Every structure is written in structure tokens, then in C-alpha cells.
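Inspection log for the structure reproduced underneath, given as C-alpha cells.
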Amino acid sequence: MKSYAGRVAAITGAASGIGRALALALSERGCHLALCDVDEVGLAKTAEMCRDDVEVTCTSVDVADREAVIAWADHSAAHHGAINLIFNNAGVNLTHDASTQSIEDVAWVMEIDFWGVVHGTQAFLPHLRSADAGHIVNISSVFGLVSIPTQSAYNAAKFGVRGYTDALRMELELEGSHVSATTVHPGGIKTNIARNGRSQYGDEDSIARFDAMAMTTPDKAAEQILTAVQRNRRRALIGPDAVLFDLGSRLPAAVTSRIVKALTRRNLPK
């Protein structure tokens, strides 16, 4: 994927944050867009912000709904004539101790953050195979590199995305496919994920702590992601904190655990 001009990209979670930034960055490169989100107002705003000379379609889709994702993929491919890229970006967050979080909250995170990626990948892969070039971009997290207390469900989903996409990429390479895949590990990005998440510590506290730690804007994240795709990277670390997480993941597990626990004691509410 050396150039995005004239290509067609599908993006989940396109109403705000990284999804919107990807849409705008691709639009500036002359890429046509099939966008989805459950936030129809935000989705329409994203479409308004895109360049007039690219075609943009918007669909209200819950990525946890497999049949809805498949229908969106098929309709998008038929309408645009082809799909070259799928960015499985939609996500939510849960901050809660593993021992007391409800199974409903765990399922909510897994259905969107993990199964949403699986649904998007499987729904769009046949269309990518039919196109002359194709790339799957699955958004994991730095929490898909290192486990963090109070993030067990989110960790499980994001580690799952990492493992799923790594295996997928190797399968595509073994078959000699022209389709490739990249796992993206963003660090703290200034998005609404904390505001739209669930936390045992109260929304305002979680939002304030997230905002204080977010080091990268969505626009910068989008530029780094698109560069990684053009370079066909297996894994993209987004933001300086992502580099630190990656280094931490390479330390002995006991050392990483001590560091994480010390930081957790310092930052979590008493």
C-alpha cells in the first residue's frame, strides 16, 4: 500500500478520536471512505470534515453485532466497487478490579474490543482479497503489551487482538497473499475512550487521570499508523509511552511486575 490515493478504506469507531483522525488523514490523501460508528451525530460530523472530492459513506454499526458488520462490509464493497483497507478501531474501556467486576462489563469489553476486531477482519477479508491491494489494521493498545492492575478485561481483549493479528499476518504470508496485517499499539491518545468507559473509581477521576497521562494527539497517531501501513510494519508503537511499554514488556516478568505495581500504588485513588 504505497499510496492511498484512489483507494477505499473502511474505519470502525470513526465518530471521534483515532477513527476520525484516520478518516481525515486518508481523505487528505485522496482515499475514499466507508465509515461506521454507533454515534451517528459524530459520524456525520466526521464526514462533513472530509474533503469534498472523496466519496464518504456512513453507517450506524455496532461492531459487537457480527451480522451487522458483515452487512456493512458487503454493502460498502458493492457501493464503492472495492475495499482496500479495514481499520478495526472501535473500542471501549473498563477500569475495575478483576475480583469484583461484573461478567456483563467483561462481556461488553470483549464483544467490542476483541470480537469487533474479529468480525471486522472476517467480514472485510474476502473483499480485500478481491481487490488489487489490501491491508488489515487492528488497533490493540500498550495494554496489549503489558498487563496493568484494574485493566484485566481490557488487557485480555487487547492481548487477544495482538495474538490474533500476529497469527493472521503469518497465515497471509504463508499463502503468499497480497493482503497484509498490522497490529497497532497506541499509548495514551487524547480521545474520549475514558469518557465513554466504565470505572469503579468514578468517571471524573478516571477521565482526569487518563487526560493527565495522554501524550499523543489523534492526528499524530493517525499519521504514524498510516506510515506504518505504507511500510508494511507488523507492529506499530504509537507515542513515546508506547516505546516505553514495549521496552518494559521485554524485561523479566518479575521486574516488569514490580515496576507496574509501584506505579499503580502511586497513581490509583486511595
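Relative contact order for the chain: what percent, with Cα pairs under 8 Å and sequence separation of 6 or more? Reported as a whole number, the value is 18 percent. Relative to the longest principal axis of the Cα atoms of the chain, the long axis of helix 253-267 makes an angle of roughly 80 degrees. Identify all aspartates and glutamates with a Cα-Cα distance to Lys261 below 16 Å; exclude those on the same chain that are fewer than 8 residues away in sequence. Filter leaves Asp97. Rounded to whole numbers, the Karplus 3J(HN,Hα) couplings from phi for region 123-140 are 5, 9, 4, x, 6, 5, 5, 6, 7, 7, 7, x, 8, 9, 10, 10, 8, 9 Hz, using 6.51 cos²θ - 1.76 cosθ + 1.60 with θ = phi - 60°, and x at Gly and Pro.
Within region 27-102, the ratio Rg/Rh, alpha carbon atoms throughout and Rh by Kirkwood, equals 1.08. For region 77-179, which GluC sites (Glu not before Pro) are in a loop by DSSP, counting at most 12 other Cβ atoms within 10 Å? Answer in residue order: Glu175. Applied to region 29-43, the Karplus parametrisation 6.51 cos²θ - 1.76 cosθ + 1.60 on θ = phi - 60° returns per-residue 3J(HN,Hα) values of 8, x, 9, 7, 9, 10, 10, 9, 5, 8, 8, 5, 5, x, 5 Hz, with x for Gly and Pro. Based on C-alpha pairs under 8 angstrom that are at least 6 apart in sequence, region 103-164 has a relative contact order of 42 percent. Each helix, a run of at least 4 DSSP H residues, gives -39500 (n - 2.57); summed and divided by the residues of the chain, these come to -15500 deg cm²/dmol at 222 nm. Cα centroids of region 149-179 and region 80-112: 14 Å apart. Computed from backbone phi, the HN-Hα couplings of region 167-172 come to 5, 4, 4, 5, 4, 5 Hz, rounded to whole numbers (Karplus: 6.51 cos²θ - 1.76 cosθ + 1.60, θ = phi - 60°; Gly and Pro given as x). Could you tell me which of the pairs Lys45/Lys158; Lys2/Lys220; Lys2/Lys158 are separated by over 22 angstrom between their Cα atoms in the structure shown? Beyond 22 Å: Lys45/Lys158; Lys2/Lys158. Taking a point 7 Å out from the Cα of Asn232 in the direction of its Cβ, the residues of region 160-174 whose backbone N falls within less than 13 Å of it are 170, 172-174.
log10 I(q)/I(0), Debye, Cα-only the chain, no solvent, q = 0.09, 0.12, 0.15 Å⁻¹? The Debye formula, applied to the Cα set alone, gives -0.38, -0.69, -1.08.
FYI, it's all coordinate maths here, none of it is from the lab. Given the structure is predicted, the values throughout are model-derived calculations rather than measurements. Using ideal geometry, Cβ is built from the backbone for each residue, glycine included, and neighbour counts are taken over all protein chains shown.
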